[in-house]
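Here is the structure we will look at.
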Amino acid sequence: MRTATDQLRDPHPRSALTLHQYTHPGLGVADGGRQDAIHARTAAGGGDQTPYLIPHPLHVPKTPRYLLRSRAQQANLATISYLPPLAQANTVLNELTGHLEEYRHLIRGPARTLWIKSLSNDLGRLAQGVGTRMPTGTNTIFFIRPSAIPTGRKVTYARLVATIRPTKSETHRVRVTAGGDKLDYPGNTSTDTASLTTLKILLNSVLSTKGATFITADIKDFYYNTPMARYEYMRMQLSLIPDEIIAQYDLQQLAKDGWVYIEIRKGMPGLKQAGKIANERLTNHLKKYGYAPAPRTPALWRHSTRPIVFTLVVDDFGIKITNQQNADHLLNALRDLYTISVDWAGGLYCGLTLQWDYLNRLVDISMPGYIKQALHRFKHPLPTKAEDAPHKWNQPIYGAKQQFAPDVDFSPALSPSDTTHVQQVVGTLLYYALAVDNTMLVALGDLASAQTKGTSATLDAITQLLNYAATHPNATVRYHSSDMVLHIHSDASYLSAPKARSRAGGQYFLSSNTTDPANCRPNGPIHVLSKILRNVMGSAAEAEIGATYVNGQEAMPIRTALEEMHHPQPPTPMQVDNTTAVGFANDTIKQKRSKAIDMRFYWIQDRTKQGQFIIYWRPGAQNLGDYHTKHHSPAHHRLIRPTYSHSA
């Protein structure tokens with residue numbers, strides 16, 4: 001296996017002894033414990049043996065033959081066949097075996113020295129230093145005797161998080177974290193974090209504000225150095241601790257039954273309260289400089305007088321600035337307490353790659369390499385032909401008076417391991433779909449509703465979705481400048497989900513402030529709804545009305561976020577393709593049997609009267625929400641995909 005340094009030096013190895021060819025070196029992996037996507041391409045040490053040194057014909061990659069419709073699709077699939085390894089939250093993926101390896105495995109591999117030194121550095125940083133290369137530490141932890149632990153206090157375990165960060169000075173990184181699941185903390189531990197929708201609104205705001213640009217900043221060791229009034233305790237196996245730490249802190253004398261006990265006096269990753277107390281410390285610090293969270297949008301921050309707005313995800317700042325003076329004001333405020341790094345290009349945030357074109361007021365967001373790594377992680381073989389539909393499609397019987405629902409699935413139930421596999425695939429692809437490829441949402445919704453009681457048909461659906469991802473691995477969303485007015489296309493499909501349920505769909509985008517919203521210029525979506533309605537709808541009209549209700553509910557916090565970013569909102573135009581739904585929302589129909597409609601849906605009627613929404617009709621072919629409500633044929637997916645995913 002190649003080191004990260006080797007990978008950066010030569011991302012395209014030609015040796016027949018190497019299993020994978022690297023398409024490009026990639027970027028660093030996100031810190032553990034976050035929602036953002038893994039976006040690293042890394043190479044790491046292995047296990048007990050080194051089979052990668054043994055010549056074998058399987059080590060020579062062969063290009064499969066694909067039955068594809070275009071050279072572009074063939075190029076997409078060809079690059080997927082040779083993948084670099086992947087760094088997970090606490091494991092490193094062995095590029096040969098596909099196994100996720102932890103620290104205890106990595107120290108038996110070829111990069112043993114690097115991993116051990118990294119753990120020494122982290123323990124020294126947490127404690128009181130290590131050797132002459134780090135004479136002092138942060139006094140976060142102290143090694144103690146077991147007898148020093150107060151009576152009744154729980155002792156948790158130490159978790160070693162191994163990652164490879166090619167862009168960092170220390171490429172092989174080990175971080176000691178506390179097993180917070182074993183500890184009891186009496187206080188509140190929840191912390192606000194910015195949503196993807198809030199971030200996408202901010203990106204649009206940058207494009208739509210004259211002279212504005214986007215930068216990112218990151219706080220180093222955010223969870224550390226926060227004083228705690230209530231100490232916590234953990235233990236660590238003596239056999240895992242590097243010899244130089246054992247000697248410097250005389251741990252042989254402190255250990256008991258092969259364990260070393262540790263008192264935690266300051267915040268560190270893994271503790272339940274670590275994020276909360278670190279966030280409170282940041283909030284109190286920035287308050288002195290005039291910065292405060294917005295009242296109603298989580299993790300959206302503003303200055304009391306300056307035109308600075310930023311989102312906060314753990315310790316990552318996405319900042320909208322209009323001049324250098326304002327940028328320096330915020331960054332210097334952070335530097336007064338923290339060590340920070342700044343990316344003035346604003347090219348990477350929350351796992352998203354951002355390509356800015358300020359001249360034309362455009363930005364493209366994407367997640368390059370994410371699908372390739374996911375396929376490698378799940379050991380998914382490449383499809384022999386292109387898959388253009390993310391889900392199965394039941395072709396209607398044309399000319400028939402009745403269209404019947406699919407038969408009940410009586411195929412064998414999944415084993416626990418297969419169920420876990422389904423859940424992992426759904427979780428991995430869901431963030432990607434919400435971020436850049438909303439064409440997967442209907443399929444993921446079906447799989448999420450079936451994952452706890454999955455059958456072999458569920459596995460078939462997973463295979464088709466992964467094949468679709470392999471065929472279309474490079475989704476991109478493009479935003480352009482606008483008047484920052486929210487527009488919604490709402491739709492529903494009647495009885496399209498199992499157990500006679502209906503599905504609501506909606507596409508939300510920012511466009512012009514016009515008296516004719518049907519003719520406004522579409523923009524990239526800031527939010528997409530694809531949701532199975534919980535209750536059984538009595539008619540197609542009720543399903544459409546239910547969709548307007550659900551989309552209206554989803555729109556309220558978006559309207560609030562826009563206003564808190566200083567973009568006042570007129571009544572939000574909502575396009576539907578059902579005249580009864582329009583009449584119901586605008587209270588222009590005489591209700592008879594429709595009086596039985598779920599009483600909650602009258603909410604949209606009240607909000608329309610209050611001037612918060614304008615509900616209008618246009619044909620279904622013009623409704624962008626239709627795509628997210630039902631299963632479509634592969635031909636329709638091929639036709640419509642460019643509408644939902646930008647192609648450069």
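State the number of residues belonging to the stretch 280-294 that are among the hydroxyl-bearing types (Ser, Thr, Tyr) and either outside any loop (DSSP other than H, G, I, E, B) or exposed (fewer than 14 other Cβ atoms within 10 Å of the Cβ) (or both).
Selection size over the stretch 280-294: 2.
Among the residues in the stretch 108-124, are any assigned to a helix (DSSP H, G or I) and without any contact (Cβ under 8 Å) to a residue 24 or more places away in the chain?
Within the stretch 108-124, one or more residues are assigned to a helix (DSSP H, G or I) and without any contact (Cβ under 8 Å) to a residue 24 or more places away in the chain.
Tally time: how many residues in the stretch 609-648 are more than 34 Å from the chain's Cα centre (by Cα), in a helix (DSSP H, G or I) and either within 21 Å of His527 (Cα to Cα) or touching a residue at least 24 places away in the same chain (Cβ under 8 Å) (or both)?
Of the residues in that region, 0 qualify.
Of the conditions (1) part of a helix (DSSP H, G or I); (2) closer than 21 Å to Asn519 by Cβ; (3) of a type in the set (A, V, I, L, M), Ile604 clears all except one; give me its number.
Exception for Ile604: condition (2).
Taking only pairs six or more apart or across chains, which ones have beta-carbon atoms under 6 Å, a first residue in the stretch 455-471 that is open to solvent by less than 10 Å² (accessible area, probe 1.4 Å), and a second residue that is assigned to a helix (DSSP H, G or I)?
What qualifies is Ile462/Val422; Ile462/Val425; Leu465/Ala443; Ala469/Ile371; Ala470/Ile80; Ala470/Leu375.
Looking only at the stretch 417-437, count every residue that is in a helix (DSSP H, G or I) and in contact (Cβ under 8 Å) with a residue 60 or more places away in the chain and tell me the total. So that I can check it myself, show each step before the final result.
Within the stretch 417-437, the first condition is being in a helix (DSSP H, G or I), and the residues that meet it are 417-435.
If we keep only those that are in contact (Cβ under 8 Å) with a residue 60 or more places away in the chain as well, we get 431-432, 434-435.
Count: 4.
Here is a list: Ser512, Ser493, Ser482, Ser530. Which entry is modelled with pLDDT of 95 or more and of a type in the set (Ser, Thr, Tyr)?
Ser482
Quickly run through the stretch 112-136 and pick out the residues that are of a type in the set (Ser, Thr, Tyr) and either more than 15 Å from Ala247 (Cα to Cα) or in contact with a helix residue (DSSP H, G or I) (Cβ under 9 Å, 6 or more places away or on another chain) (or both). Step through it out loud before you land on a result.
The initial filter retains those residues of the stretch 112-136 that are of a type in the set (Ser, Thr, Tyr), namely 113, 118, 120, 132, 136.
Passing the criteria: Thr113, Ser118, Ser120, Thr136.
Any chance the stretch 525-545 includes a residue that's free of Cβ contacts under 8 Å to residues at least 60 places away in the same chain, open to solvent by 40 Å² or more (accessible area, probe 1.4 Å) and within 21 Å of Val477 (Cα to Cα)?
no
For Leu300, which of the numbered conditions (1) surrounded by fewer than 21 Cβ atoms within 10 Å (Cβ to Cβ); (2) touching a helix residue (DSSP H, G or I) at 6+ places or on another chain (Cβ under 7 Å) fails to hold?
(1)
I'd like the residue in the stretch 593-629 that is at pLDDT 90 or above and basic (Lys, Arg) and, out of all such residues, is surrounded by the fewest Cβ atoms within 10 Å (Cβ to Cβ).
Within the stretch 593-629, the match that is surrounded by the fewest Cβ atoms within 10 Å (Cβ to Cβ) is Lys609.
Residues that are surrounded by fewer than 16 Cβ atoms within 10 Å (Cβ to Cβ) and either touching a Lys or Arg at 6+ places or on another chain (Cβ under 7 Å) or among the charged types (D, E, K, R) (or both): does the stretch 564-586 have at least one?
Looking for residues that are surrounded by fewer than 16 Cβ atoms within 10 Å (Cβ to Cβ) and either touching a Lys or Arg at 6+ places or on another chain (Cβ under 7 Å) or among the charged types (D, E, K, R) (or both), one finds none in the stretch 564-586, hence no.
In the set Met565, Met537, Met556, which member is of a type outside the set (S, T, N, Q), at pLDDT below 95 and more than 30 Å from Asp388 (Cα to Cα)?
Numbers: Met565 fails: at pLDDT below 95; Met556 fails: at pLDDT below 95.
Going through Met565, Met537, Met556 in turn, just one is of a type outside the set (S, T, N, Q), at pLDDT below 95 and more than 30 Å from Asp388 (Cα to Cα): Met537.
Among the residues that make up the stretch 155-170, is at least one of them part of a strand (DSSP E or B), among the charged types (D, E, K, R) and in contact (Cβ under 8 Å) with a residue 24 or more places away in the chain?
Yes, the stretch 155-170 contains at least one residue that is part of a strand (DSSP E or B), among the charged types (D, E, K, R) and in contact (Cβ under 8 Å) with a residue 24 or more places away in the chain.
Sort out for me the strands (runs of 3 or more DSSP E) sitting completely within the stretch 314-384 that have 3 or more residues that are within 21 Å of Tyr291 (Cα to Cα).
In the stretch 314-384, 316-321, 340-343 are the strands (runs of 3 or more DSSP E) which contain 3 or more residues that are within 21 Å of Tyr291 (Cα to Cα).
Would you confirm whether or not the stretch 206-220 contains a residue that is farther than 30 Å from His566 by Cα, open to solvent by 20 Å² or more (accessible area, probe 1.4 Å) and within 23 Å of the chain's Cα centre (by Cα)?
There is at least one residue in the stretch 206-220 that is farther than 30 Å from His566 by Cα, open to solvent by 20 Å² or more (accessible area, probe 1.4 Å) and within 23 Å of the chain's Cα centre (by Cα).
So for the stretch 140-154 (the condition being touching a Gly at 6+ places or on another chain (Cβ under 9 Å), surrounded by fewer than 22 Cβ atoms within 10 Å (Cβ to Cβ) and hydroxyl-bearing (Ser, Thr, Tyr)), does at least one residue qualify?
No, every residue in the stretch 140-154 fails to be touching a Gly at 6+ places or on another chain (Cβ under 9 Å), surrounded by fewer than 22 Cβ atoms within 10 Å (Cβ to Cβ) and hydroxyl-bearing (Ser, Thr, Tyr).
Suppose we filter the stretch 418-457 for residues that are among the polar types (S, T, N, Q) and at pLDDT below 90; how many remain?
5
Results for (1) on the phi > 0 side of the Ramachandran plot; (2) in a helix (DSSP H, G or I); (3) surrounded by fewer than 19 Cβ atoms within 10 Å (Cβ to Cβ); (4) without any contact (Cβ under 8 Å) to a residue 24 or more places away in the chain, shown as yes or no for each residue.
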position: Asp184; (1), (2), (3), (4): no, no, yes, no
position: Ser190; (1), (2), (3), (4): no, no, yes, no
position: Ala194; (1), (2), (3), (4): no, no, no, no
position: Thr197; (1), (2), (3), (4): no, yes, no, no
position: Lys200; (1), (2), (3), (4): no, yes, no, no
position: Phe222; (1), (2), (3), (4): no, no, no, no
position: Met228; (1), (2), (3), (4): no, no, yes, no
position: Tyr233; (1), (2), (3), (4): no, no, no, no
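The values are calculated or read from the model by the stated rules, or taken from the named source; none is laboratory data. Just so you know, these numbers come straight off a predicted model, no measurement behind them. Every residue, glycine among them, receives a Cβ derived from its backbone with ideal geometry; neighbour counts consider all protein chains shown. Note: accessible area is taken over every heavy atom of the protein model, side chains too, but ligands, DNA and RNA are not part of it. Shrake-Rupley method; radii C 1.70, N 1.55, O 1.52, S 1.80 Å.
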